[in-house]
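Comments concern the structure below.
The values are calculated or read from the model by the stated rules, or taken from the named source; none is laboratory data. Since this is a predicted model, take the numbers as computed values, not measurements. Positions of Cβ are backbone-derived with ideal geometry, glycine not excepted, and every protein chain shown enters the neighbour counts.
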Amino acid sequence: MSELAASAEAILFASPEPVELSRLAEALGESPQQVETALQELGARYAAEDCGIELKSVAGGWRLMTKPQHHEAVRQFIRSLKPPLRLSLPALETLAVIAYRQPVTAPEIREIRGVDASGVLNTLLDKKLITTAGRKDVVGKPILYRTTREFLLRFGLGSLSDLPTMKEFEEMLQAGMEGLPPAAGGEETEAVAADAATESESPQSAEKDIDVPGSAEMTSAASGGGDNGKPE
């Protein structure tokens with residue numbers, strides 16, 4: 001391994017968040033092109049089957065992450081340290097609507113889900129999974145909501161284009177409701193947290209919390225409008 005690749009590896013290992021190429025280049029005192037070449041070298045090294053981690057592009061930066069085939073072992077270890085984090089079903093449904101329809105207003109979410117989501121929105125805002133995106137130019141000027149960079153980090157997504165299809169969402173929701181183990185492939189060893197007790201939803205919809213693995217394993221209920229594609 002070259003000295004530049006080794007230095008980049010050390011920075012990525014020490015960083016708690018993905019590091020952008022420009023920041024790496026600045027820290028290493030090299031051109032972005034040279035650092036990109038070093039990252040390719042590093043990625044090829046981690047691609048070996050006997051390596052438990054990989055180099056991946058996440059939220060506009062580079063990050064060292066565990067490989068999917070080792071997620072269950074890591075997940076069990078994390079769960080032995082502290083209780084698993086969860087999203088309630090209403091919160092997960094609302095987050096899915098926002099992820100696929102963003103920017104979207106609370107009335108539009110209510111129209112899709114059929115229930116008021118103000119409490120859930122506050123929870124997701126507190127967890128920094130969503131943020132406001134101005135106001136829609138209609139009567140009443142309702143607030144628009146969109147997902148955040150924290151959302152991408154939590155779910156191990158490089159961008160919104162990496163979101164799964166609506167069909168995959170529905171399959172994950174069904175598996176969660178039946179208490180089935182999540183499919184391998186999540187990029188985070190922790191699930192996203194949300195407290196259902198603070199959410200103003202119907203009692204039936206808030207009865208069960210669902211483990212949220214990571215990478216693209218969220219849930220459905222964003223399909224109320226009939227659009228089965230990913231956000232543009």
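Is it the case that residue 177 is modelled with pLDDT under 90 and farther than 21 Å from residue 68 by Cβ?
yes
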- What residue, among those in segment 115-149 that are of a type in the set (D, E, K, R), closer than 22 Å to residue 160 by Cβ and surrounded by fewer than 20 Cβ atoms within 10 Å (Cβ to Cβ), is nearest to the chain's Cα centre (by Cα)? 149
- Scanning segment 110-134 residue by residue, the ones that are over 30 Å from residue 17 (Cβ atoms) and either β-branched (Val, Ile, Thr) or modelled with pLDDT of 95 or more (or both) total 2
- Task: For segment 126-158, name all the residues that are charged (D, E, K, R) and in contact with a Pro (Cβ under 6 Å, 6 or more places away or on another chain).
- Result: 136, 146
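Being charged (D, E, K, R) and either without any contact (Cβ under 8 Å) to a residue 40 or more places away in the chain or not in a strand (DSSP E or B) (or both) is the filter here; which residues of segment 134-157 pass it?
Within segment 134-157, 135, 136, 137, 141, 149, 150, 154 qualify.
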- Task: Please state which of the following conditions residue 99 fails to meet, knowing it meets all the rest: (1) over 26 Å from residue 61 (Cα atoms); (2) out of contact with any Gly (no Cβ under 9 Å at 6 or more places or on another chain).
- Result: (1)
- Does residue 164 satisfy the criteria of being in a loop (DSSP other than H, G, I, E, B), within 27 Å of residue 20 (Cβ to Cβ) and modelled with pLDDT under 90? yes
- Can you find even one residue in segment 89-109 that is part of a strand (DSSP E or B) and over 21 Å from residue 17 (Cα atoms)? yes
- Consider residue 142 against the criteria (1) under 30 Å from residue 24 (Cβ atoms); (2) of a type outside the set (A, V, I, L, M, F, W, C); (3) in contact with a Ser or Thr (Cβ under 7 Å, 6 or more places away or on another chain): it satisfies all of them except one. Which criterion is unmet? (1)
